[in-house]
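The values are calculated or read from the model by the stated rules, or taken from the named source; none is laboratory data. Note that the coordinates shown come from a computational prediction; the quantities given were computed from them, not determined experimentally. We place every Cβ from the backbone using ideal geometry, glycine too, and count neighbours over all the protein chains shown. Surface accessibility is based on the protein's heavy atoms, side chains included, excluding ligands, DNA and RNA. Shrake-Rupley method; radii C 1.70, N 1.55, O 1.52, S 1.80 Å.
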Amino acid sequence: TRAVPLINGVITLVVALQIGVIGGALLAGQLGEVLPLWMTLSVPAIVVTAALFVVWFKVPDPGARGGGTLDTPGTVVLTLALLAITGGLSLVRLDGITGWVVGMVAVGLALIALFVRIEKRAEHPLIDMSTLRLPTLWPVILTAGLFGVSVLGAQAPLSTFERTDPAEVGYGLGLGSAQASYIIGAYVLSLLLGAATFARASARTSPRL
């Protein structure tokens, strides 16, 4: 019973987030039909900047701190590792798998190994490696990875495929900006319904199920 308010609160946050994404996708689609690209892309930048100032000046600081210190070495090494790996993979679309791609990914993996060593020695690690080794946590990590593929990784390829002209390159839907936004909106709506349903189902069953 104590978990019900928390679940309801999470559902509210998720629904609000997805409604914002749907509204943003539909609005961007309409703006893309009437405004130049640079002006359309400036809209989210303006909104995010406004949100920053709203949080800065309107959300009170309770003053409570959880203790600990920022793991600066771990943060820097992990950032460089991710930049090397993602930067190397981004080069694949230019010339395929080349020595630069392999080299950058190898550097990234080496930095990941260094990051693990740093975290094991840190008093306040950015990521607790001993926790990650727990078998009970592996399903959570797998679920988070699959969730990231769907939520963070799918929208860019989806929108690219929608806008690509099949007569020119042999694939794609060749849709306009507004038409593509409708599909993105429907895609995010399915995420909203799934998130709300999943929260309710989790409250009635075990998390592992």
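Collect the residues in the stretch 48-85 that are among the hydrophobic types (A, V, I, L, M, F, W, C), surrounded by 12 or more Cβ atoms within 10 Å (Cβ to Cβ) and without any contact (Cβ under 8 Å) to a residue 40 or more places away in the chain, keeping them in residue-number order.
Passing the criteria: V76, L80, A81, L82, L83, A84, I85.
Residues that are among the charged types (D, E, K, R), within 19 Å of the chain's Cα centre (by Cα) and surrounded by 14 or more Cβ atoms within 10 Å (Cβ to Cβ): list the helices (runs of 4 or more DSSP H) wholly contained in the stretch 155-209 that include at least 3 such residues.
none
Looking at (1) touching a residue at least 24 places away in the same chain (Cβ under 8 Å); (2) not in a loop (DSSP other than H, G, I, E, B), find the lone condition where V116 falls short.
So V116 meets the others, but not (1).
Considering G108, G145, which residue is free of Cβ contacts under 8 Å to residues at least 60 places away in the same chain and either more than 30 Å from V10 (Cα to Cα) or open to solvent by 80 Å² or more (accessible area, probe 1.4 Å) (or both)?
G108
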